[in-house]
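S.K.: This is the structure, below, for whatever I ask next.
The values are calculated or read from the model by the stated rules, or taken from the named source; none is laboratory data. On a predicted model such as this, the values are computed, not experimentally measured, just so you know. Don't worry about glycine lacking a Cβ; one is built from the backbone with ideal geometry, like all the others, and counts go over all protein chains shown. Ligands, DNA and RNA are stripped out before the accessible areas are found, and what is left, the full protein with its side chains, is counted by its heavy atoms. Shrake-Rupley method; radii C 1.70, N 1.55, O 1.52, S 1.80 Å.
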Amino acid sequence: MEKYEIVIGLEIHAELCTESKLFCNCAYIFGALANDCTCPICLGMPGTLPVINRRAVEFSVRAGLAMGCEITPSSKFDRKNYFYPDLPKNYQNGQVSFEFEGELRTVALRRIHLEEDAVTGDPTRSFMDFNRAGVPLLEIVSEPELHSPEEAIAYCRAVKEILEYKGSLRCEPNLSLRPKGSKELGTRTEIKNKNSFQELIDAMEYEVKRQARILDAGEEVVQETLLFDASTGKTVAMRGKEEADDYRYFPEPDLVHVQISDEWIEESQPTLPELPAARRKRFISDYDISPDNAEFLTNTRPLAEFFDEAARLSGEPTTCANWIMGDLTRLLNTAEIEIQDAKVTPAHLNELIQLIGDATISGKIAKSVLDDAFETGKMPKQIVSEKGLAQITDTSEIETIVLQVVEENPGPAQDYRDGTKKAIGFLVGQVMRATRGKANPQLVNEILTRVLSTD
Amino acid sequence: MAPGAWTVTGIRAAVAGGDLSAREVCAHYLDRIAATDGRLHAFTTVLREAALARADEVDARPLLGVPIAVKDVICTRGVPTTAGSRILAGYRPPYDATVVSRLLDAGAVIVGKTNCDEFAMGSSTEHSAYGPTRNPWALDRIPGGSSGGAAAAVAAGQAPASIGTDTGGSIRQPAALCGVVGLKPTYGRVSRYGLLAFASSLDQIGPLTWTVADAAAVLQVLAGPDPRDATASTEPPPDLSRLFPGNVRGTRIGVPRVALADGVDPEVLDAFGAALAMLSDRGAEVCDVDLPHMQYAVPVYYLVAPAEASSNLARYDGVRYGHRAKLDGAAAGVSEMYARTRSEGFGAEVKRRIMLGTYALSAGYYDAYYVHAQRVRSLIRNDFDRAFAAVDAVAMPTTPTPAFRIGERIDDPLAMYLGDVFTVSANLTGLPAISLPAGLTQARLPIGFQLVGRPFDEATLLRIGDALERDAPWSDERPPAFA
């Protein structure tokens, strides 16, 4: 295997969540009964004509801009003769950046364009469901610049992140091998995929081995389209589907050219959110948090925005990060909601951190305050006052309790005096219990130590 | 009848008879309500504006009660729309074409669907899967095509107007051969939504009528923007009612003499010259124009149109609608079903054009044929644009010969195609064109006179047409067997 270089190019299809389909007013509703989301246009009834969905074009302009593409000012539509029209070859020369093995890599994009989705069929019967027909798809085609299955997955994740995509992207690799050092591309195969990233990796790894075996034997790889069979772990040629390679593309006569003015592009630019990779970099440099933490905190845009705001308000990014990654995430997972739907806001977290900072409550109490805030949405100060959770910091009050505890627990007290310093832990615990956790633990420690040392 | 004594039946008769408008009646009653309801309080809400608007709508139905025949490639909801093909035998569309909705809103009455060459591919209506239509002027001759049924229906007095479609001459040529007026509007003037597409960049819907004024009246209803057709112009159509009577003083008419050199029947040439002379007598200026690329129009058309058709007709696969082949045994798959359905459902001419079009678009030939043809197409358009700097309309015969006998050219597709020499340019360039009756041959067969105009300038064509019609001695001629 060392003598070959792997060359992979990826075609990604992303479904756009526009309110209506690409050429008609139908809404695609996931889970609807078969053929319920149709009309004469997306059914291809005689005499119907397509009319383009403006939102779909807007979405693709934004996606193109987000990936650094040059948007062509005028795009035409092509018919791909396979019954349905294809769409504008809008964008060229973009690139996607992603991190791989600690380095920032970029992959050039060949093009991004809009397509409409196809009909789905029932493989066991000859029934067709036209619900998905006409849903807008963004097709993103990379140059063959990826050199391992892992890299390909990192690229897919980066694209998914930029698009803020929910659900599974359809990623189809074109994979070939060539002798190390060679500049010519080998014969490639295309692997159809609709499923998980794991299956995608397995498929690519198998295909690399398969092609290497063929080349080692001195034979030639056949250019074909393959399916990955997860049960056997092998790629197999798609049989019987004699897709005409000749799609007889010609310009779509039923649609006029799409003109994308400079104004349109200028208006779209500022509305683009900060991209994940850039945001991660900023978190690491500005907030001095680790790359792993930055990765976690930029997992979704709402999460990143929550952290950003909380860090800004409190001035304590690391503390915020810990709270978010720990207790808050636990609460979100248990409740099965996303951060944007939670009642807790950055303001809540900020206030909580302030209360700990000025010793109004202990860290431990703060956890239960957070639980309460998560449940009720009340601000921490209000919770602390309603429930009387403020720490006891009055030294004489603590001393009273300490003396009481020491008197009630002569054994451990003596252990401590005899040298078992650890025994103080038990005593601290007892004081905390007596104060229902509200005594300031540091003060308790100090006073206990003092009391136990004298005497 | 005194207003106080108006009855339902009385009002109906008065409005229908034109003695009263719906608005007058409505206004009368609204005024009465205003004058009396202070004392009576019979109304909780009075709909003054809405009622007057509705009354105006009722009055403004320009085709109220006018029967219209519709070519069978245009969708009529719930009514068979076969495109003259077996593959759509019995097919009933779930929606009306935009033009049909507009006709109905204007008060027209659709009396039926007319026969045509299958999928509008043909010049004689002999390619209909349901048998040919005959020319009312001579029943052993073709009425022209592909809107043969539409032209024959008007010529024989079966309807005062019909709507047909024109992709390479299919309104104008049958209009010429049947002695009626046929108008192909500018591409984009009339919505194509609901028209079973043949060649998407060439198809247009238009009227066939006895008089030019009638053609204007029907076009006025059909024309206008449609959000369902991205290729339809967003500009509203002009008011065509003020064109008449048509005046041609100072109107410049160009004739491409070179184009008339070969293959035109002498009687057709004579009639053409006579029509020009008549217009000239009325003050029009006739001159020559040069359209050097017009000689390529037919081959360009027979590359572009079949190419688009091969794609447009791909949807007829037996899955969702229309004919589906019966398959013997479970072994047959989808491909076989497609192949059998289409082999059974399509006629010879349609198959010919699908094969031609597929070939012209295929890898390795696309540039040499389709792209090349599209380039020549723009050269043809440039010729016309230059001509229109000097003239207001270009005149030519509509067809090189009058109607030939049924069966005469059916085995010679090329001879059939060459008959389109004068009509295809208007489709390739998108320009509006009209065919006007220009008299009869010795054998009493109609001849057509054609005018091609500037984009969206149907008005000039109608104006000139009306002038010709008023002067023409043949305007009252009718087919003897159907007078």
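S.K.: Looking at the structure I just gave you, is residue B:248 away from chain A (no Cβ under 14 Å) and open to solvent by less than 10 Å² (accessible area, probe 1.4 Å)?
M.R.: yes
S.K.: Would a scan of region B:364-384 turn up a residue that is within 14 Å of chain A (Cβ to nearest Cβ), free of Cβ contacts under 8 Å to residues at least 12 places away in the same chain, touching a strand residue (DSSP E or B) at 6+ places or on another chain (Cβ under 8 Å) and hydroxyl-bearing (Ser, Thr, Tyr)?
M.R.: yes
S.K.: Let me ask something else about it. Can you name the helices (runs of 4 or more DSSP H) wholly within region A:348-445 that have at least 2 residues being small (Gly, Ala, Ser)?
M.R.: A:363-376, A:410-417, A:423-434
S.K.: For region A:179-198, how many residues meet the condition of being crowded, with 17+ Cβ neighbours inside 10 Å and either farther than 16 Å from residue A:11 by Cβ or polar (S, T, N, Q) (or both)?
M.R.: Of the residues in region A:179-198, 3 are crowded, with 17+ Cβ neighbours inside 10 Å and either farther than 16 Å from residue A:11 by Cβ or polar (S, T, N, Q) (or both).
Yes/no per residue for (1) of a type in the set (Asp, Glu); (2) surrounded by 11 or more Cβ atoms within 10 Å (Cβ to Cβ); (3) within 14 Å of chain A (Cβ to nearest Cβ):
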{"site": "B:49", "(1), (2), (3)": "yes, no, no"}
{"site": "B:54", "(1), (2), (3)": "no, yes, no"}
{"site": "B:81", "(1), (2), (3)": "no, yes, yes"}
{"site": "B:87", "(1), (2), (3)": "no, yes, yes"}
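S.K.: Working only within region A:177-204, note down all residues that are part of a loop (DSSP other than H, G, I, E, B) and more than 25 Å from residue A:219 (Cα to Cα).
M.R.: Those that are part of a loop (DSSP other than H, G, I, E, B) and more than 25 Å from residue A:219 (Cα to Cα): A:193, A:194, A:195, A:196.
S.K.: I've got another one for you. Inside region B:1-47, can you point out the residues that are open to solvent by 60 Å² or more (accessible area, probe 1.4 Å), part of a helix (DSSP H, G or I) and touching an Asp or Glu at 6+ places or on another chain (Cβ under 6 Å)?
M.R.: The one that is open to solvent by 60 Å² or more (accessible area, probe 1.4 Å), part of a helix (DSSP H, G or I) and touching an Asp or Glu at 6+ places or on another chain (Cβ under 6 Å): B:23.
S.K.: Only residues in region A:66-81 that are at positive phi count as the first member; pair them with residues that are open to solvent by less than 50 Å² (accessible area, probe 1.4 Å), Cβ under 9 angstrom, at least 6 apart or cross-chain, and list the lot.
M.R.: Final answer for the pair search is A:68/A:94; A:68/A:96; A:68/A:97; A:68/A:109.
S.K.: Among helices (runs of 4 or more DSSP H) lying entirely in region B:312-398, which contain 3 or more residues that are at pLDDT 90 or above and open to solvent by less than 30 Å² (accessible area, probe 1.4 Å)?
M.R.: Here the list reads B:348-361, B:372-387.
S.K.: Then there's this: Which pairs turn up if I take residues in region A:127-145 that are at positive phi and look for partners that are crowded, with 19+ Cβ neighbours inside 10 Å with beta carbon separation below 7 Å, at least 6 apart in sequence or on another chain?
M.R.: Cβ pairs passing all conditions: A:134/A:21; A:134/A:22; A:134/A:23; A:134/A:24; A:134/A:26; A:134/A:42; A:134/A:116; A:134/A:117.
S.K.: Output the number of residues of region B:89-111 satisfying the condition of being within 18 Å of residue B:325 (Cβ to Cβ) and facing another protein chain (nearest Cβ under 10 Å). Show your work before the answer.
M.R.: So the first thing to find is which residues in region B:89-111 are within 18 Å of residue B:325 (Cβ to Cβ), and the list is B:89-91.
From what is left, the residues that are facing another protein chain (nearest Cβ under 10 Å) are B:91.
Counting residues in region B:89-111 that are within 18 Å of residue B:325 (Cβ to Cβ) and facing another protein chain (nearest Cβ under 10 Å) gives 1.
Residue-wise test of (1) out of contact with any Leu (no Cβ under 7 Å at 6 or more places or on another chain); (2) of a type outside the set (A, V, I, L, M); (3) open to solvent by 30 Å² or more (accessible area, probe 1.4 Å).
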| residue | (1), (2), (3) |
| --- | --- |
| A:13 | no, yes, no |
| A:49 | yes, no, no |
| A:55 | yes, yes, yes |
| A:61 | yes, no, no |
| A:68 | yes, yes, yes |
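S.K.: Give the residues of region B:89-109 that are in contact with a Ser or Thr (Cβ under 8 Å, 6 or more places away or on another chain) and surrounded by fewer than 18 Cβ atoms within 10 Å (Cβ to Cβ), sorted by residue number.
M.R.: B:89, B:90, B:92
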